[in-house]
Structure formats: structure tokens, C-alpha cells
Amino acid sequence: MTSQLLAAAIPAPSIRYRDLSPMLIVFGVAVAGVLVEAFLPRSWRYPLHLVLGLAGLAVAFGAVVGLAGTRTTVMADAVAIDGVTLFLQGTILVVAALSLLLIAERGVAPALARVRRDGPGAWSRAAATPGGALVLDGFTPQAAAVPGSSDELAAERAGFATTEVFPLAMFAVGGLLLFPASNDLLTMFVALEVLSLPLYLMCGLARRQRLQSQESALKYFLLGAFSSAFFLYGMALLYGYAGTVRFAGIADALARDPNSKTLAVLGVAMLAVGLLFKIGAVPFQAWVPDVYQGAPTSITGFMAAGTKIAAVGALLRVLQIAVPGLRDDWRPIVAAVSIATMAVGAIMAVTQTDVKRMLAYSSVAHAGFILTALAGIDNDGAGGTFSRPASAALFYLAAYGVSTVGAFAVVTLVRERGGEEATALSAWAGLGRRSPWLATTFALFLLSFAGIPLTSGFVSKFAVFSAASAGGVPALVIVGVICSAIAAFFYIRVIVLMFFTDPPADAAVVVTPVVSTLVIAVTALATLVLGIVPQPLLDLADKSAVFVR
């Protein structure tokens, strides 16, 4: 009798598998990857994971294209399928496919020199194959082994490969797809954890600099858990205010009682901690440089692009669907966070001497540029500039995501004589003379980040600054231009270092594995095309800036 009463009170949710197909495909591939790890011989895992991953991402992208024009909610209104969701999911899948190719890099290069391990005088060739070729695999062969232990060295000599990273990456992609599609706070929290937990693990799997990698994973985990607790607390406050976790229900509660909103404002502030942490915005950016530097570079590129795309999409949905009635309260906060994020990212990047940390602070600055568009949302309702900030942010995320993966792919090709990635800026001196194509490509990415014309970065910044200006916050545009000028200084400083500085005696060398080179070529071409012919993607972003309640 009790079960019958519950069934009558709680109707079964409508599950339309076609609308959920992009996420279901990716999660299905992730589960299949776990089965591959459990039951198949080690020699079969890598090729099967690669085929499964790329095929799954391609089919999921096709499903996103097939859903174009869909505007609906599914799973008892817990998931929203609309223009914004589909645009962001398509962007995430493209970035994920490029990142998966970097993760899958298992090429070899001629042994560069002896490999230093654990201090002066302790040398080993464990990173090289028996034939004398350097393994370009960025992941430790045995994650559970103590760094530098005999178990780890034995695993390297045996040629073991950490293939668990493939299903972990696919689970993270599934969480990224669900995050901006979430239409209630409970689903958004589940998506946040699904995308975060695999990233915590993957950050600690670097083949070299093992202790630094594990430290970065621990920092990311502890701070990420702390931010998730804030998100959960904010969800509880909003539920206490509105009596529901659905975004539309929260908006309706605010509309019914606009004069009693203290609890809702506190709830939104707590939610913002969790979302701004994932975006890497000030004052929650302290983890970014350490984690970006310590994680395997392919994972760093994946995080820098994919996580920012999904988190900005989730924040955009919360602000525009759940709490539009609090716009006068959160707009000044978003504007202040945007200013602080642009300034801190640009100023701190000037002082860096490590290329990964420089790109990390660059990522922080770009988070601030994206937030300028969100601060431009005004009170015009569904018309006017309401959709312009969303479309500007969508284009920025797509352009930035592709360029970021390409920039970190370049970092994986510049190596020290011992085989480690040469992340010290001094090692990049004279790179333009030793490898003109790689230095030119990296310069292209840096110029795009600086917002130089004929690159996607220029169009992106023009779009978000236009949205901010039209939304009545021209001060953000002024600060953004100043911070862009500061950022241009350290980007151009690297270009001068590569092309107009003599290389040191122990200059870094360049390796050219096929897969990574292909990723760099594709992302560089996209950066140029989106800077020269941006209108098709701008039109698609503008058409896609449609939300469903």
C-alpha cells in the first residue's frame, strides 16, 4: 500500500533517451573502458581504449548535431536540452577529442641524454626503451608505486602503460557534458562530482616529477572538496528558501516574494564559491598554477579548456534561469570578481618563469574576460542584450578552448636533454632558430591569447567587451583593455625570447610525434580561421543562446 501511494504521489520521470544520447554514449564508453581494464590482456587495452574513446566522442558529437533545435527538459525537468546546452556539449566534445589524442600520445624519440633522477649523481635510463629511444608517454607506468621506488622502475623497464586514464577521462567528459545541462541543483552537484573525481586522480599520474604531480592532485582534491561543500551548503539554503531545487521553481519563488530574499542571496553566494572555483576566478584561483604545473600536460590542457567551458555554462544557467530576480544583487559581484580576476591573472603572469604557470595565470585572466560578458546581463528580459552576453561567452569558450589545448600540446614537444618537458622559460630561448614551425605556432597561440587581430582571441575579446558595454558596465571594458595590454607584454616577451635570443648551451630540444603534431596543426588552423572568418561560429553562438526552463 505504501509503495502504491508513493507511486501515485511521485510520477515516473520522462526519460527520452534520444535527448540524453550524447551523455549516455560517453558514459557507456567509460563503463566499457572499465570492463576493458578488468578483463582484457594489458597488450590489448591501449588500442581498444583509443578506438572506443575517439569513436564514442565522434558518435556523441553526431548526436549533439542531430539534436540541433531541440528545446525541452527531461528526467523530471532535471536536465535541460536547449541551444546553450548543445553548443557547450559540442564544444566540450571537440576539446575532449583533441585532448584524448594528447593523452594517447605514446610515441618515442631518440634518447636525448641520461635521465637525472633523485638528485645529482643518481642517473638512470629507465625512461628509455631497451633500444635507446625515449618514451613520450606522459603518465606513470604504475600509479600505486612510490615515486622513484624499485617497483616503479621495474614497471618502466617492463613497458607498462597507465591505460586507466582513458576511462577516467571519459567519465570526466560525461560529467562535463551534464554540468551545463543541469536544470536543478541536485543534478548539478552530481555532475560536479562526476567530473571532478577523475580529474583529481589524473592530476597525480605524471610520469616524471612524480612528487610534484601527487602534490598537485592532493591540493586539487582538498580545495575541490572544500568548494563542493560550499556548493552543497548553498543548495541547502536555496532549497530552504524556495522549497525546491529546480531552477524554474527558485525563480518563481523569487518572483512571488521579491522583498524577502536574504536567504536566497546567501545561497547564491555559496553556490558561486563552487562554480567560481572550477572557473578559476579570484579569489578561488590559488590552486590553478600549482595544479596546472604538476599535472601531466595533456591533462592540464584538458582541464584548462573543458572544465572552464562546463563551469561557465553552469554559472550562466544558474544566473539566467534560477536567479534572474536577484540580478541587481549579483551583477555588481560578478563585475567585481571579473575585475579582480583579470588584474590578478595578468599581473601574476608577468612574474612567472615557468611556461605552464604562465599559461595557468593566463587562464585565470581569461576567466575574468569571460565574466565581463556575464556581468553585462541586464533587465531587458528575453530581448535586447539578454542573449548577447550568452552568445559572446559561448564564442569565447569555443575559441579559447581550442587554442588552450593547442598551447599545452606545444609544451609537450619541448624537452630537456634528460627527456623531461622543458617548462622553464629560459629553456625556450632561441627556439625559433631550432624549430621555426613550433615557435611560430606557439607565437600564434600567444597572440590569440593577447587578443591580436586576425586571431580568434581578438574576436572573442571584442565580443565580450561589446556585451559588457551594451549591458551598461563600460568600466569592465576599460579594465579589460588595460589587463589585455599587461597580458600582451608577457606574451610578447616569450615571443622575443624564442626568436630574438641566443639559445643556451643546454638548450631544449624539440620532439615531433605524429599525434601531438596533428593536434597542434588542427588547433592552430582553427585559431586562424576563427580570427579571419568568425561569422559562422558567431551566428551559431547567437542562435544557440536560447534557454529553456
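Brief remarks follow.
- Evaluated at q = 0.14, 0.22 Å⁻¹: base-10 log I(q)/I(0), Debye formula over Cα of region 272-339: -0.47, -0.96
- Extension gain from VAL65 to ALA505, taking 0.36 nm per residue of separation minus the Cα-Cα distance: 153.2 nm
- Intensity falloff of the chain expressed as log10 I(q)/I(0), Debye formula with alpha-carbon point scatterers, at q = 0.07, 0.09 Å⁻¹: -0.39, -0.64
- Set of lysines with alpha-carbon distance to LYS219 below 18 Å, sequence-local pairs under 8 removed: LYS278, LYS356
- Sequence-distant residues sharing a close amide H with GLU421 (under 5 Å, placed H): GLU416
- If the segment from ALA225 to ASP539 were pulled out straight at 0.36 nm per residue, it would be longer than the present Cα-Cα gap by 109.2 nm.
- Subtracting the Cα-Cα distance of ARG327 and LEU35 from their residue separation scaled by 0.36 nm leaves 100.4 nm.
- Efficiency of FRET from Cβ geometry, TYR17 and THR351, R₀ 35 Å, rounded to 0.05: 0.10
- Protection proxy ranking of 46-56, 266-276, by the mean of other Cβ atoms within 10 Å over each peptide's residues and highest first, is 266-276, 46-56.
- Helix-only [θ]222 nm of the chain, DSSP H runs n ≥ 4, -39500 (n - 2.57) each, per residue, nearest 500: -22000 deg cm²/dmol
Read-outs: derived from the displayed coordinates by stated rules, not from any lab. Everything numeric here is computed off the predicted structure, so don't read it as measured data. As a convention, Cβ positions derive from the backbone with ideal geometry for all residues, glycine included, and neighbour counts pool all protein chains shown.
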